[in-house]
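A.B. asks: Input: one structure, supplied below.
FYI, it's all coordinate maths here, none of it is from the lab. Note that this is a predicted model, so its numbers are computed, not measured. Cβ coordinates were reconstructed from backbone atoms using ideal geometry, including for glycine residues, and neighbour counts include every protein chain displayed.
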Amino acid sequence: MVTSFGFAAPRLVPSGPSTDNEGQTNLSSTINYEKMIKILNDIERTSKGTVEVFTLDEYGKSEQGRSLYVAKVGEGDTKVWVQASIHGDEQLVSEAVLDVLKTLGSNGAKDVQTILDNVTIYAIPMYNPDGIEMNTRSTMLIDQDTGEPLLDQDGDPRYIDLNRDWKVDLMGEGFGFVASESRALYEFWTEVKPDFALDMHHQGIKEMPDSNKSVSFSLGISLAPNGPTLPGLKDGEYNDLTRQLQSYVYDDIKDYGYSHIDRYVIGGEDKYEIDIVGGVVSAMMLGINYDNLNEEGHSCPAVFFETKGNTRDGNLGQRANGYLTKQNYHALKSFLYGIASEEVYHVNPDSWEEIPRHPIIGYFTDYAGVIVIE
């Protein structure tokens, strides 16, 4: 099984649009880099100053020289970091972020105003623009002196999973940061110092724990709640907050449309919760310090969403695109409102156990292999 958190080898060749006569994904109907820029500029213009759009050029660009775009919206003291499409074949989540930004920039509804008044959002709709353009999960490394792809020992282009490039050890020390966009976004993160973070992904096709219905959406925490690592962070504060955040979203969207929502686990017959320190959101919770940019050890609770399918394999039917994007739209808006209204703090963290999940036998880690639950 290939999952967004990368426990199977990524497909390391650029792939073209997936199109056929059976309703499979047509990339002309999904987002690309130029469309994203145009939509962001339109949102900024029509919002009349509510949404501010800028690039991170002062920090760096993508490996292939594309600017990294950020949208800032809201005036609250609580800062929320939202990133999407860290994998280039996970594109509907970019559209959902843009749709939420459009709502925040032009809708005067009471819930929207609550968000704008109480949080400041830093949204990165397209973390991996090079991968988006190639329709590949990973991104290709470029020799910045020649502009040509860097090659591995076999003479093939080198690719890297950006969700594994904020590497961290268990002491919180950072290393890695091979890709230029990883360094740029990390440096910006250390300056923003967000209070919460959300990473939006796609995943493979899975079935619900109690039926053969296809999972449309999974709620994930990369350091397993009540697992080996998370309870020890901030005296258990993040162990509670991450569960509260995801439980709040679940309660809010579980009855939306044709959604079938579970907790994120991986594996074949045997299932595991993940407890990985090498993912970007894990690094945020661990307070990674790379190149002494985060000497004070800033950290924040962070969670991730997973929506079904991807554009690389062409397993997103066009008719499903709309409802999957709306599902992410509602989940993101719920996440932001729960923080802005402070309703998340009133959620019982143990309600996390009520979200459907396959039975697990242990934790899949990137530091000690599989840890079996006795």
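A.B. asks: Mind putting a number on the dipole of the chain about its Cα centre? Charges go on the C-beta only, +1 for Lys and Arg and -1 for Asp and Glu, and I need it in Debye to the nearest 20.
C.D. replies: 1080 debye
A.B. asks: Expressed as a whole number of Å, what is the distance separating the alpha-carbon centroids of segment 176-195 and segment 92-125?
C.D. replies: If we compute the Cα centre of each part, the gap is 22 Å.
A.B. asks: Further question: Counting only C-alpha contacts under 8 Å and six or more residues apart, can you give the relative contact order of the chain as a whole percent?
C.D. replies: Once divided by the residue count of the chain, the mean separation gives 22 percent.
A.B. asks: Given L151, F54, L101, which one lies farthest toward the positive end of the charge dipole of segment 33-154, if we put +1 on the Cβ of every Lys and Arg and -1 on the Cβ of every Asp and Glu?
C.D. replies: Value computed over the given set: L101.
A.B. asks: Still on this structure: How high is the relative contact order of segment 260-374? Use alpha-carbon pairs under 8 Å, at least six apart in sequence, and give a whole percent.
C.D. replies: 40 percent
A.B. asks: Taking +1 at the Cβ of each Lys and Arg and -1 at the Cβ of each Asp and Glu, which of P301, G322, V280 sits farthest along the dipole of segment 251-374 towards its positive end, judged by Cα position relative to the Cα centre?
C.D. replies: The listed residue farthest towards the positive side: G322.
A.B. asks: Once fully extended, how much extra length lies between T78 and K193, figured as 0.36 nm per residue of separation less the alpha-carbon to alpha-carbon distance?
C.D. replies: 40.4 nm
A.B. asks: Using Cα springs under 10 Å in a Gaussian network model of the chain, which residue among Y186, Y256, Y290 shows the largest mean-square fluctuation?
C.D. replies: Y256
A.B. asks: Starting with the highest mean, order 201-213, 298-310, 263-275 by the number of other Cβ atoms within 10 Å, averaged over the residues of each peptide.
C.D. replies: Result, highest mean Cβ count within 10 Å first: 298-310, 263-275, 201-213.
A.B. asks: I want to check the label-to-label distance for F54 and D143. Put each point 7 Å from Cα in the C-beta direction and report it in nm to one decimal.
C.D. replies: It works out to 3.6 nm between the two label points.
A.B. asks: Let me ask something else. Each label point is 7 Å from the Cα along the Cα-to-Cβ direction; what then is the distance between the points at D270 and N226, in nm?
C.D. replies: 2.1 nm
A.B. asks: Now for a different question. When the chain is treated as a GNM, springs tying every alpha-carbon pair under 10 Å, which of G176, G131, G220 comes out with the largest mean-square fluctuation?
C.D. replies: G176
A.B. asks: If you don't mind, there's one more thing I want to ask. Label Q153 and E295 with points 7 Å out from Cα along Cα→Cβ: what is the distance between them in nm?
C.D. replies: 3.9 nm
A.B. asks: Same structure, new question: Taking only Cα atoms and a 10 Å spring cutoff, compute GNM fluctuations for the chain and point out the largest among G105, G155, G297.
C.D. replies: It is G155.
A.B. asks: With a Förster radius of 25 Å, plug the Cβ-Cβ distance of N348 and E374 into 1/(1 + (r/R0)^6) and report the FRET value to the nearest 0.05.
C.D. replies: Working from the Cβ atoms, E equals 0.40.
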